[in-house]
1. Filter Lys40/Lys279; Lys68/Lys156; Lys40/Lys68; Lys57/Lys307; Lys279/Lys335; Lys156/Lys318 down to the pairs with a C-alpha to C-alpha distance above 27 Å, please.
2. Specify the residue with the greatest mean-square fluctuation among Ala312, Ala81, Ala98, computed from a Gaussian network of the chain linking alpha-carbon atoms under 10 Å apart.
3. Taking the Cα centre of the range 265-340 as origin and charging only Cβ (+1 Lys, Arg; -1 Asp, Glu), how large is the dipole, in debye to the nearest 20?
4. Using a Förster distance of 56 angstrom, determine the FRET efficiency expected from the C-beta separation of Arg60 and Glu242, and round it to 0.05.
5. Given R₀ = 45 Å, FRET efficiency for Glu326-Val348 by Cβ-Cβ distance, to 0.05?
6. In a Gaussian network model over the chain where Cα atoms closer than 10 Å are linked, find which of Arg150, Arg91, Arg43 has the largest mean-square fluctuation.
7. Would you mind getting me the FRET efficiency between Phe185 and Ala147? Use the beta-carbon distance for r and R0 = 30 Å, nearest 0.05.
8. Looking only at the range 80-116, which residues have a backbone nitrogen under 15 Å from a spot 7 Å from the Cα of Ile44 in the C-beta direction?
Amino acid sequence: MTVGECNAPEEDEQARRLLAIAVSRQATKFVSQVTTSRVKLTRIQVQEGMKGKIVGKEGRNARHFEEKAGVDLLLNDEPDAIVVSSFDPFRREVARLALESLVRDGRIHPGRIEELLGEARIQVDQQVRSGGAQAALDLKVAGLHPAILRVLGTLKFRNSFGQNQLDHSIETAWLCGNLAAEMGFDVHLARRAGLLHDLGKALDQTHDGGHAQAGAEFASRYGETAAVVSAIASHHEEVRPESWLDHLVIAADALSGARPGARHGSTQVGLERMMGMEKIAQEIPGVTAAYAVQAGRELRVFVDSTKILDGALSQVAKSIADRFREDLRFPGQIKVTVLRELRAVEVVSR
């Protein structure tokens, strides 16, 4: 008898019992994902006017930091802290680390801001690599290709319906393993498939198709077995599930996503709209970066100064605004700000 054939009342009851056992063994704490991070200031830093230094003359430093990091700085929300706001967890973490370094260093000017943001991006990239490796170690999932570990770690900075994707993947792996243990299947294989089932959500920007298919193709490319690849591809039933592993991953994924407090649909709608805003802008020729800020009420767009001249900035802004009217549904207004920066650098040495 296969999982899909469990229709009789006694079999339904047995299925409920197995699910209850698996869930009870997975004692999951609630984790609330937010869109802000805080950099605490010491009493001495507050007294020395650190917030004023961050702001800079006529707001120059704060404005430069916001533009280069793609975040909002909220300096008046808390007397002893600076709040970093962004819907993108990766971007927010980079900004938080850079801001902490600036506060410690005390030398706050545009050049130093860009230098520390670059160092912070390297630190966060290291977090990505170690995050995937630690998840695999905790679950005793061995032999994953380094490319898969890196993509897995990237899920730490992805959310779906307000749920952190790496936490969800780890939880799904444990649940899948618990179900397999109760039913006499291969626990290690079940954990492996559960951990990797949402790899595609870190690939959506560069791969065609849905995340299940993208994740399956990526896993296959880097040596995963046909059983694991099939479980990834079928976990939303876009591909027909057939094996016990396919069905257990579907069940564990649903349990993790459907438990009370796991997901928040209204949050996801806003996040998807802001990601859509950035994607539309980045499709315009000559645009180098685009950041949705102010909770999606403003889009800051940076262009290549060698490809777009000052006289064309208004047309770029209008093109983006026209696309928003056609492709997005949004309340209120969205401000589109297009920025062009021309730099001249000379290095003198003896």
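We did not get these values from a lab; they are worked out from the coordinates using the rules stated. Note that the coordinates shown come from a computational prediction; the quantities given were computed from them, not determined experimentally. Cβ: placed from backbone, ideal geometry, glycine included. Neighbour counts: every protein chain shown.
1. Numbers: Lys40/Lys279 33 Å; Lys68/Lys156 22 Å; Lys40/Lys68 21 Å; Lys57/Lys307 31 Å; Lys279/Lys335 16 Å; Lys156/Lys318 35 Å.
Cα-Cα > 27 Å for Lys40/Lys279; Lys57/Lys307; Lys156/Lys318; rest within.
2. Maximum fluctuation in the GNM of the chain, among the listed residues, is at Ala312.
3. Values: 11 positive and 9 negative charges, 32 e Å.
So the magnitude is around 160 debye.
4. Numbers: r = 61 Å, r/R0 = 1.09.
Plugging the Cβ-Cβ distance into 1/(1 + (r/R0)^6) gives 0.35.
5. Values: r = 51 Å, r/R0 = 1.12.
Efficiency at R0 = 45 Å is approximately 0.35.
6. Sorting by GNM fluctuation, first place goes to Arg43.
7. Values: r = 28 Å, r/R0 = 0.92.
According to the calculation, E is roughly 0.60.
8. Once the point is set 7 Å along Cα→Cβ of Ile44, 103-107 turn out to lie under 15 Å by backbone N, inside the range 80-116.
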